[in-house]
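The values are calculated or read from the model by the stated rules, or taken from the named source; none is laboratory data. Since this is a predicted model, take the numbers as computed values, not measurements. FYI the Cβ positions are ideal-geometry reconstructions off the backbone, even for glycines, and counts take in every protein chain you see. Side chains are part of the model used for accessible areas, which takes the heavy atoms of the whole protein and leaves out ligands, DNA and RNA. Shrake-Rupley method; radii C 1.70, N 1.55, O 1.52, S 1.80 Å.
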Amino acid sequence: MSVLFDEVPERVLAVYAHPDDPDVSCGGTLAHWARGGAEVHVVICTNGDKGTTDPAVDPGALAERRAGECAAAAARLGIPPQRVLGYPDGEVDNTAALRRELVGWIRRVRPVAVLCPDPTAVFFGEDYYNHRDHRAVGFAVLDALAPAAALPHYFPEEGRAHQAEVALLSGTLEPSVWVDITASIDDKAAAVACHESQFTDDPQWAADAVRRRAQEDGRRVGVAFAEGFRRLRLGG
């Protein structure tokens, strides 16, 4: 059954691997919720320093450029600037150190809803399989959410325990809820187009692609545009 996720959480934490990931994965949802009064926080784990096919590009300069693209995308979505943890691309792992850092974010933000990649979604047909950074970050977020952030003896130095109510996993092969982003699809497309370093030939192509995908998801729930997620109820 196709279910619309209609509520607007009071506080939201989105955690993703690369600078463009939140915009592609859930930009419409973040913009929609921010417009509805949600307090939105976005954490990006890597600095995007390897996101190029050009060997002549300097990784440090690329990371700096991508930070600027992030800031422009956040402004387009109407959310605060993202926090970048600064791991090099391809070097983020589900370690105790990363989990501690994420537990700290969860306990400080105290989100009702947490968004992250679905780490179990690996093979997408014959043409794509999921980036290892997406999988590592997805599992790290889930492990940080439960049990770590919710139980006081995990990383007690990171503050008072907190249990989020729901996790919404994007990029999933098993969506169970959808958010209507009809009112924010233009913001999502514009945010994705900000990442010009990733779409050097035609940034508008990426914007058009996410618009088509959102239109396909919208048809599943009877709205013009939507983003689909795998929902995990965590309590609260």
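Given the options ARG100, ARG83, name the one that is at pLDDT 95 or above, over 14 Å from the mean Cα position of the chain (by Cα) and basic (Lys, Arg). Result: ARG100 is the single residue among ARG100, ARG83 that is at pLDDT 95 or above, over 14 Å from the mean Cα position of the chain (by Cα) and basic (Lys, Arg). The residue that is least open to solvent (accessible area, probe 1.4 Å), among those in the stretch 109-124 that are aliphatic (A, V, I, L, M) and at pLDDT below 95, is ALA121. GLY51 meets the conditions (1) open to solvent by less than 40 Å² (accessible area, probe 1.4 Å); (2) within 17 Å of TRP105 (Cα to Cα) in every case but one. The failed one is (2). Note on the stretch 166-209: among residues that are in contact with a helix residue (DSSP H, G or I) (Cβ under 8 Å, 6 or more places away or on another chain) and polar (S, T, N, Q), the one that is modelled with the lowest pLDDT is GLN204. Within the stretch 91-144, if we keep just the residues that are assigned to a helix (DSSP H, G or I) and of a type in the set (Val, Ile, Thr), the residue that is nearest to TRP33 (Cα to Cα) turns out to be VAL109. So is SER170 small (Gly, Ala, Ser) and surrounded by 24 or more Cβ atoms within 10 Å (Cβ to Cβ) or not? Spelling it out, SER170 is indeed small (Gly, Ala, Ser) and surrounded by 24 or more Cβ atoms within 10 Å (Cβ to Cβ). Quick check, is ARG211 more than 27 Å from THR53 (Cβ to Cβ), under 19 Å from the mean Cα position of the chain (by Cα), among the basic types (Lys, Arg) and open to solvent by 40 Å² or more (accessible area, probe 1.4 Å)? So ARG211 does not fit the description; no. Criterion applied to LEU102, LEU85 was being under 19 Å from VAL24 (Cβ atoms), in contact with an Asp or Glu (Cβ under 9 Å, 6 or more places away or on another chain) and not aromatic (Phe, Trp, Tyr), and the one residue passing it is LEU85.
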